[in-house]
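One structure is given here, and the rest of the page talks about it.
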Amino acid sequence: MAVDTSDFKNGMHFYLDGDVYTIVEFQHVKPGKGGAFVRTRLRNLKTGRTLEKTFRSGERVEPAFVERLKMQFLYRQGEELVLMDLDSYEQIPVPEANLGDQAKYLKEDMEISSLVANGEVLGYEMPNFVELEVVETDPGYRGDTVSGGSTKPAKLESGATVQVPFHINTGDMIKVDTRTDAYLERVKK
């Protein structure tokens, strides 16, 4: 049961060259001359790499049915992360490389999703936003305000380092977008 380009939407999964890809973003284009087409940015679920591909309007793809299993991060063990399946309570060691760059935002007891298609684990998905405590940053000075555009590095409790505004201090809880590594806001404790 193939779907065509008119059915595309962000987050949709389908097979391309034997791998499962998800649509990060897409745009329907109708030029003055020639046929319409769909410009897409895709992410390979297994490798995490992104790819830009153009489809002719009406081109068909085979959808992939991806199941999201709830997992909980328990602890790090060397180069492995120990995750627990929240349905079966089975503990599964997973190489940290399987989570890619997003592993730096993991803290104990955090929930993540395991993406499974045809019984094979394709990858893991972190929450889009996490709230973490700043454990190390330069002190803020009087006159540092929310606006201004200047930033400084801050080390978070998970080990990740992000750029934050000058008014953020050690001990503050902040909200971070895990997809872009961007500071969003300070969170009330």
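Please treat every number below as a calculation from the coordinates, not as lab data. Treat the numbers as computed from the prediction; the structure is a model and nothing was measured. In this analysis, Cβ positions are derived from the backbone assuming ideal geometry, glycine residues included, and neighbour counts consider all displayed protein chains.
Name the most mobile residue of THR137, THR47, THR151, meaning the one with the largest mean-square fluctuation, in a Gaussian network model of the chain with Cα contacts below 10 Å.
Highest fluctuation among the options: THR151.
Per 0.36 nm of contour for each residue apart, how much would the distance between ARG179 and ASP19 grow if the chain were fully extended, relative to their Cα-Cα spacing? Provide the component values of the computation, followed by the final result.
Details: separation 160, 0.36 × 160 = 57.60 nm, distance 2.18 nm.
Working it through step by step, the gained length comes to 55.4 nm.
Ignoring solvent entirely, what values of log10 I(q)/I(0) come out of the Debye formula for segment 67-125 at 0.16, 0.22, 0.25, 0.27 Å⁻¹ when each Cα is a single scatterer?
-0.43, -0.83, -1.09, -1.27
When the chain is treated as a GNM, springs tying every alpha-carbon pair under 10 Å, which of ASP87, ASP177, ASP17 comes out with the largest mean-square fluctuation?
Most flexible of the set in this elastic network: ASP17.
Return the lysines within reach of LYS188: Cα separation strictly under 18 angstrom, same-chain partners fewer than 8 residues apart disregarded; answer none if there are no such residues.
Straight-distance partners of LYS188: LYS175.
Can you give the convex hull volume per residue for the Cα atoms of segment 34-111, as a whole number of Å³? The partial results should precede the final answer.
Details: hull volume 8.9 nm³, N = 78.
Cα-based convex hull of segment 34-111, divided per residue, equals 114 Å³.
Which FRET efficiency value, to the nearest 0.05, is calculated for GLU62 and MET110 with the Förster distance at 35 angstrom and r the Cβ-Cβ distance?
Numbers: r = 33 Å, r/R0 = 0.95.
With R0 = 35 Å, the Cβ-Cβ based efficiency is 0.60.
Under a 5 Å amide H to amide H cut-off, with H placed in plane at 1.01 Å, what residues pair with VAL20 once short-range neighbours are removed?
Under 5 Å from the amide H of VAL20: LEU45, LYS46.
Ranking LEU16, LEU86 by Cβ neighbours within 10 Å, fewest first, what do you get?
Numbers: LEU16 16, LEU86 13.
Result, fewest neighbours first: LEU86, LEU16.
Evaluate the distance, in nm, between pseudo-label points positioned 7 Å from the Cα of LYS53 and of LYS30 along their respective Cα→Cβ axes.
2.5
Any idea what log10 I(q)/I(0) is at q = 0.17 Å⁻¹ for the chain, Debye with uniform C-alpha scatterers and no solvent?
Those come out to -1.07, one per q.
Could you give the size of the charge dipole of the chain about its Cα centre, using +1 on the Cβ of each K and R and -1 on the Cβ of each D and E, expressed in debye and rounded to the nearest 20?
Working: 24 positive and 31 negative charges, 206 e Å.
The dipole of the chain has a size of about 980 debye.
Round to a whole angstrom and tell me the spacing of the C-alpha centers of segment 109-135 and segment 31-74.
Between the Cα centre of segment 109-135 and that of segment 31-74, the gap is 20 Å.
Cross-link partners among lysines for LYS9, C-alpha distance below 16 Å, same-chain residues fewer than 8 apart left out?
Those lysines meeting the cut-off are LYS53.
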